Amino acid sequence: MESPLLKLPGAVAADAPDEGIAAHYGEPTQEQRALEAGRAFVDRGNRGVVRVSGPDRLSWLHSLTSQHLQDLKPFEPTEALLLSPQGHIEHHMQLVDDGEAVWMHVEPGTAPALAEFLDKMRFMLRVEVADVSDAYAVVTTGREPEPGALAMPDVVGTAQIVPRDALAAFPESERPAGIWAYEALRIAAHRPRLGLDTDHRSIPHEMGWIEAAVHLDKGCYRGQETVARVHNLGRPPRRLVFLHLDGSVDRLPAHGDPVEIPGGRTVGFVGSAARHHELGPIALALVKRNVPVDAELLAGGVAASQEVVVSPDTGANAKIDFPRHAARRA
């Protein structure tokens, strides 16, 4: 569904996976600075929106997802994962309950599959599932949410679920910024994105989603055995890293490009990459856990140094305060 904001002056459409919204509005660097300062909004209307209503909704979602939702209070935002039986991440959901329904937003194109799965799991419970992406959109904004807004903390400001026909009014009070600006700030904040920074084998420990999206003291849910086994007995096979890329190269590595160590051995893949207005070219990558944290890397052929996002000692009940700037380029 194409956003009406693509008709704004200077709007340039984004590429996959963010088709239908603007990559930028003609001034990507200025848009990034304005967004970081809380003076801009980002149309993220390509994201899916799913609504789950009914009196059993919280206990039901509690039993299916990685998060403790049984006692979730109205307008208290949280996030959750839906895992495969093997513990691989299938959906990452940002959600909030308004007292009558749980509203969640998910990656572009994934709402139909999520709604279909949830609908099949209703059995005799008093819940209703609807993909409402045609009627509602996600906007990340610097403005304070009004009381009762479906708002969740975001990379900057808040992400709000709003009626789709309300999108056109946002430029009246804030400057529009494209998804390029948002993605640069997201990567700089070390926040992975499902489908870009993950693959079909990714598990929560690898991505740093254990504290934010997984409750370790709740009952059973699909994929819970993998989470518990890694947390109590083992280590994840890979870890998320933040990369400072060589700024003298005039290109960014592409999604899926190999990450190599000197000698040409592939140790992972590039997820997201962007140009940050202060940090320069940056990226997130998923690499083998045993890659030394101070190893210089090649990301799609571009020289890169690491910052630790997920410690190589994650798991086995480890509580590690690892330096986040282990290998920042001078």
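Could you please find all residues in segment 20-40 being surrounded by 15 or more Cβ atoms within 10 Å (Cβ to Cβ) and over 21 Å from Asp154 (Cβ atoms)?
Glu27
If you take just the strands (runs of 3 or more DSSP E) that sit entirely in segment 53-106, which of them hold at least 2 residues that are at pLDDT 95 or above and out of contact with any helix residue (DSSP H, G or I) (no Cβ under 8 Å at 6 or more places or on another chain)?
Details: elements: 78-83, 89-97, 101-106.
So the answer is 89-97, 101-106.
So Gly264 fits all but one of (1) modelled with pLDDT under 95; (2) in contact with a Pro (Cβ under 9 Å, 6 or more places away or on another chain); what number is the exception?
(2)
I'd like to check something: does segment 309-318 contain any residue that is without any contact (Cβ under 8 Å) to a residue 60 or more places away in the chain, small (Gly, Ala, Ser) and open to solvent by less than 10 Å² (accessible area, probe 1.4 Å)? Break it down stepwise before answering.
Of the residues in segment 309-318, the ones without any contact (Cβ under 8 Å) to a residue 60 or more places away in the chain are 318.
Now restrict to residues that are small (Gly, Ala, Ser): 318.
In the following step, the residues that additionally are open to solvent by less than 10 Å² (accessible area, probe 1.4 Å) were identified as none.
The answer is no; no qualifying residue exists.
Okay, residues lined up against (1) in a strand (DSSP E or B); (2) surrounded by fewer than 17 Cβ atoms within 10 Å (Cβ to Cβ):
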| site | (1), (2) |
| --- | --- |
| His205 | no, no |
| Arg235 | no, no |
| Val241 | yes, no |
| Gly268 | yes, no |
| Pro281 | yes, no |
| Ala295 | no, yes |
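Just checking, which of Gly301, Gly263 is open to solvent by 30 Å² or more (accessible area, probe 1.4 Å) and free of Cβ contacts under 8 Å to residues at least 24 places away in the same chain?
Details: Gly301 fails: free of Cβ contacts under 8 Å to residues at least 24 places away in the same chain.
Being open to solvent by 30 Å² or more (accessible area, probe 1.4 Å) and free of Cβ contacts under 8 Å to residues at least 24 places away in the same chain holds for just one of Gly301, Gly263, which is Gly263.
Yes/no matrix, rows are residues, columns are (1) within 19 Å of the chain's Cα centre (by Cα); (2) surrounded by fewer than 16 Cβ atoms within 10 Å (Cβ to Cβ); (3) farther than 18 Å from Ala213 by Cβ:
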site: Gly48; (1), (2), (3): yes, no, no
site: Pro55; (1), (2), (3): no, yes, yes
site: Leu61; (1), (2), (3): no, no, no
site: Gln67; (1), (2), (3): yes, no, no
site: Pro74; (1), (2), (3): no, yes, yes
site: Met93; (1), (2), (3): yes, no, no
site: Val96; (1), (2), (3): yes, no, no
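Residues that are open to solvent by less than 20 Å² (accessible area, probe 1.4 Å), at least 2 per element: which strands (runs of 3 or more DSSP E) completely within segment 133-200 meet that? Outline the logic, then answer.
Details: elements: 136-141, 150-153, 158-163, 175-177.
Per the criteria, 136-141, 150-153, 158-163.
Give segment 273-304 a look and list any residue that's touching an Asp or Glu at 6+ places or on another chain (Cβ under 6 Å) and either within 25 Å of Ile179 (Cα to Cα) or of a type in the set (Gly, Ala, Ser) (or both), or say none. If you could, list the steps in order and put the result at the bottom.
Initial filter on segment 273-304 (touching an Asp or Glu at 6+ places or on another chain (Cβ under 6 Å)): 274, 284, 298, 300, 302-303.
Ala274, Leu284, Gly300, Val302, Ala303 - these are the residues of segment 273-304 that are touching an Asp or Glu at 6+ places or on another chain (Cβ under 6 Å) and either within 25 Å of Ile179 (Cα to Cα) or of a type in the set (Gly, Ala, Ser) (or both).
Filter segment 216-232 down to the residues that are open to solvent by 50 Å² or more (accessible area, probe 1.4 Å) and in a helix (DSSP H, G or I), then identify the one that is farthest from Ser63 (Cα to Cα). Don't jump to the end; show me each part of the working.
Going residue by residue through segment 216-232, those that are open to solvent by 50 Å² or more (accessible area, probe 1.4 Å) are 216-217, 220, 222, 225, 229, 232.
Then drop every residue that is not in a helix (DSSP H, G or I), which leaves 225, 229, 232.
Working: Glu225: 14, Arg229: 19, Asn232: 21 Å.
So the residue we want is Asn232.
Here are some conditions: (1) in contact with a strand residue (DSSP E or B) (Cβ under 7 Å, 6 or more places away or on another chain); (2) closer than 28 Å to Glu146 by Cβ. Leu118 meets all but one. Which one does it not meet?
Evaluating Leu118 over (1) in contact with a strand residue (DSSP E or B) (Cβ under 7 Å, 6 or more places away or on another chain); (2) closer than 28 Å to Glu146 by Cβ leaves (2) as the failure.
Only one of (1) of a type in the set (Asp, Glu); (2) modelled with pLDDT under 95; (3) within 23 Å of Thr29 (Cα to Cα) is not met by Glu278, so which one is it?
Here Glu278 meets the rest and fails (2).
Within segment 1-19, which residues are surrounded by 17 or more Cβ atoms within 10 Å (Cβ to Cβ) and either assigned to a strand (DSSP E or B) or touching a Pro at 6+ places or on another chain (Cβ under 9 Å) (or both)?
Correct list: Leu5, Ala11, Asp18.
The values are calculated or read from the model by the stated rules, or taken from the named source; none is laboratory data. Treat the numbers as computed from the prediction; the structure is a model and nothing was measured. A quick note on method: Cβ atoms are made from the backbone with ideal geometry, for glycine too, and the neighbour counts reach across all protein chains shown. The area values use the complete protein model at the heavy-atom level, side chains included, leaving out ligands, DNA and RNA. Shrake-Rupley method; radii C 1.70, N 1.55, O 1.52, S 1.80 Å.
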